[in-house]
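This report concerns only the one structure given below.
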């Protein structure tokens, strides 16, 4: 499940499982919910993302979430996704972190890109929230409130979710 992925456009190394708390390993779990199958639910408090399946189950992924002051919650939908996306930091992020100025017009795809191997773009109505579900190669960040608001999954997990989720699927982010 967390193997090296040499077949990717940019090869992904195996996850160093010594840096991942075992409670955050991907699993199919019982998850009764009134939300319909296909819905993505982010439990920010417990640091899990659930992709609702049939029969009261869900695929559960460990995630890193927004640090204090950068949280987002609410309902939206997965508008679309990108493989090996370009990352463009918002102007307010560049203002907080001037070292990001070099990426004002986009950080090219690759192993060092902030969005990792895949990104799913969250919209509310026709409006981009600027929040993403995206990959990371930094296993030690899973289970932590560490990002500027986005929800990060291991690259292997975002690739798995990317294959499973349908564009237009609802997303619910709980606080």
Next on the checklist: Regarding the range 27-50, can at least one residue be identified that is touching a helix residue (DSSP H, G or I) at 6+ places or on another chain (Cβ under 6 Å) and at pLDDT 95 or above?
Outcome noted: no
Item to check | Breaking point among (1) over 17 Å from residue 76 (Cβ atoms); (2) outside any helix (DSSP H, G or I), for residue 160 | outcome: (2)
Item to check | Residues satisfying the stated conditions in the range 16-31, i.e. surrounded by 10 or more Cβ atoms within 10 Å (Cβ to Cβ) and without any contact (Cβ under 8 Å) to a residue 40 or more places away in the chain | outcome: 25, 27, 28, 29, 31
Next on the checklist: Just to be sure before I move on: is residue 119 more than 15 Å from residue 172 (Cβ to Cβ) and modelled with pLDDT under 95 in the structure I sent?
Outcome noted: no
Checklist entry - Is it the case that the range 4-15 has a residue that's more than 16 Å from residue 135 (Cα to Cα) and either in a helix (DSSP H, G or I) or touching a residue at least 40 places away in the same chain (Cβ under 8 Å) (or both)? => result no
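The values are calculated or read from the model by the stated rules, or taken from the named source; none is laboratory data. Bear in mind the structure is a predicted one, so any value in this text is a computation, not a measurement. We place every Cβ from the backbone using ideal geometry, glycine too, and count neighbours over all the protein chains shown.
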